[in-house]
1. Considering only residues of region 79-111 that are part of a strand (DSSP E or B) and more than 23 Å from residue 60 (Cβ to Cβ), which is modelled with the lowest pLDDT?
2. I'd like to know if region 28-49 contains one or more residues that are more than 15 Å from residue 132 (Cβ to Cβ), modelled with pLDDT under 85 and in a loop (DSSP other than H, G, I, E, B).
3. I want to confirm something. Restricting to region 112-141 and keeping residues that are touching a strand residue (DSSP E or B) at 6+ places or on another chain (Cβ under 8 Å), part of a loop (DSSP other than H, G, I, E, B) and modelled with pLDDT of 90 or more, which single residue is surrounded by the most Cβ atoms within 10 Å (Cβ to Cβ)?
4. Assuming residue 18 fulfils every condition listed in (1) in contact with a strand residue (DSSP E or B) (Cβ under 6 Å, 6 or more places away or on another chain); (2) modelled with pLDDT of 80 or more apart from one, which condition is it?
5. Being assigned to a loop (DSSP other than H, G, I, E, B) and at pLDDT below 85 is the filter here, so list the residues in region 50-62 that pass it.
6. Looking for whichever is surrounded by fewer than 15 Cβ atoms within 10 Å (Cβ to Cβ) and either touching a residue at least 40 places away in the same chain (Cβ under 8 Å) or out of contact with any helix residue (DSSP H, G or I) (no Cβ under 6 Å at 6 or more places or on another chain) (or both) here; the options are 33, 21, 69. Which one fits?
7. Checking residue 162 against (1) in a loop (DSSP other than H, G, I, E, B); (2) closer than 20 Å to residue 31 by Cβ; (3) at pLDDT 80 or above: exactly one of these is not met. Which one?
């Protein structure tokens, strides 16, 4: 049985590279790994997001562990002004670990469709962990970096190191 909702022209194709697997006991905690070689430019995952109301984010989510898994997200207030909030990423997006030295996955926001698209920024070997860059201003010790840099990077750009078209 096929159920149709809304305008059929509003369908968004979701993609996920296969096979991928999750390992729970890495030095970084859980991590996503390639089950076979992935060519540069390949879409790895397209994840829907839940954009949080800025007040809800500050007063509630910001006080929980869930906040550590959210992404910075621009938001338009009812009066038309722009502000920053957070978005919960559904799918693998919240499982990718950070690498300052050798990130192999880039991501971009699709604001109109409330999605995050992840793509390989270089060829990835089978068995290699898939890592994004969280930026240089980290709230944890970067196990990949020889030393931590203290930059005053803009909060909006802390995670989005790659903007792939």
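1. Residue satisfying both the conditions and the ranking: 98.
2. no
3. 130
4. For residue 18, the failing item is (1).
5. First, pick out the residues of region 50-62 that are assigned to a loop (DSSP other than H, G, I, E, B): 52-53, 60.
Result: 53, single match.
6. 21
7. Here residue 162 meets the rest and fails (3).
The values are calculated or read from the model by the stated rules, or taken from the named source; none is laboratory data. Just so you know, these numbers come straight off a predicted model, no measurement behind them. For neighbour counting, all protein chains shown are included, and Cβ atoms are generated from backbone atoms with ideal geometry for every residue, glycine included.
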